[in-house]
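The values are calculated or read from the model by the stated rules, or taken from the named source; none is laboratory data. Values in this document were obtained by computation on a predicted structure and should not be read as measured data. With ideal geometry, Cβ positions are generated from the backbone for all residues, glycine too; neighbour counts draw on all protein chains shown. These area figures cover heavy atoms from the full protein model, side chains too; ligands, DNA and RNA do not enter into them. Shrake-Rupley method; radii C 1.70, N 1.55, O 1.52, S 1.80 Å.
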Amino acid sequence: MPLEILLIMVFGGVSAVAAILHLSGRSAQAVLSVEDARTEWYRHFPDDVIHQVLIAESGHAALVRIEGGTGLLWAFGADTVARHLIDFDVFETGTGLRLEFHDFGTPGVSLSLAPHERADWQQMMIPS
C-alpha cells in the first residue's frame with residue numbers, strides 16, 4: 001500500500017475517533033462533587049485517610065486534606081489527576097492559581113478559582 005494512502009487512512013481514523021468521542025460527550029471535563037473527589041482520590045491513593053475535601057466553585061479541582069498533609073485533585077478531560085502537595089511553588093494568576101511542581105512527571109497545573117477562593121486554597125496548601 002502506498003505511504004500516502006496509509007497516512008490518509010491513519011489521519012482519517014484518528015480524526016473519526018476524536019469526533020465520535022467529542023460528539024458522544026466523552027470529551028467533557030469532569031465536574032467533581034465531594035463524593036466524586038473522595039472516590040477519585042482513593043482510586044489514586046487507596047491507603048490515604050481523607051479528613052476534608054474542598055471543591056472549587058468550578059468543580060474542576062479539589063483540595064484534599066489527608067493524614068500527614070494536603071493533596072490536589074484536578075480534572076484532566078474526563079479523568080482526574082491527583083498529587084500530594086509536596087515540593088511545589090504556587091503563583092496567583094488572573095484566573096486563579098498556578099502550581100509548579102518540582103517533578104518532571106507533573107510540571108504544573110493552572111486552577112481556575114474565584115477571587116474569594118484563592119486565599120482559602122493558598123492557606124490550605126501550606127503544610128500544617
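Brief remarks follow.
- Check: the chain dipole with +1 on Lys, Arg Cβ and -1 on Asp, Glu Cβ, in debye: 260
- Distance between the 7 Å Cα→Cβ label points at Ala119 and His51: 2.3 nm.
- Prolate/oblate/rounded call for region 4-75, Cα gyration tensor, a/c under 1.5 rounded: prolate
- Local electrostatic count at Trp121 - Lys and Arg +1, Asp and Glu -1, tallied over other residues with Cβ under 13 Å: -1
- Peptide packing for 15-24, 50-59 was compared via the average number of neighbouring C-beta atoms within 10 Å per residue; ordered from the highest value, the list is 50-59, 15-24.
- Cβ-based charge dipole, region 1-81, positive-most Cα from Leu21, Leu6, Leu32: Leu6
- Between Arg65 and Leu6, the simple label model (points 7 Å from Cα in the Cβ direction) yields a spacing of 5.8 nm.
- Relative contact order, percent, the chain [alpha-carbon distance under 8 Å, six or more residues apart]: 17
- Using the Cα coordinates of the chain, the gyration tensor eigenvalues translate into equivalent-ellipsoid semi-axes of 34, 16, 15 Å, sorted from longest to shortest.
- Applying the Kirkwood pairwise sum to the alpha-carbon positions of region 86-126 produces a hydrodynamic radius of 10.5 angstrom.
- Part-to-part distance (alpha-carbon centres) for region 2-42 and region 101-128, which is given in Å: 27
- Residue-averaged [θ]222 nm for the chain, counting only DSSP H segments that reach four residues, each worth -39500 (n - 2.57): -11000 deg cm²/dmol
- Working from label points 7 Å from Cα in the Cα-to-Cβ sense, the Asp89 to Tyr42 distance is 3.7 nm.
- Among Val109, Gly59, Leu99 the positive-end extreme of the charge dipole of the chain (Cβ point charges): Gly59
- If R0 is 30 Å, the Cβ-Cβ spacing of Ser15 and Ser110 corresponds to a FRET efficiency of close to 0.60.
- Annotation: per residue accessible area for the chain equals 63 Å², rounded to a whole number [probe 1.4 Å, protein chains only].
- Computed FRET value (nearest 0.05) for Ile126 with Ser27, which takes r as the C-beta separation and R₀ as 35 Å: 0.50
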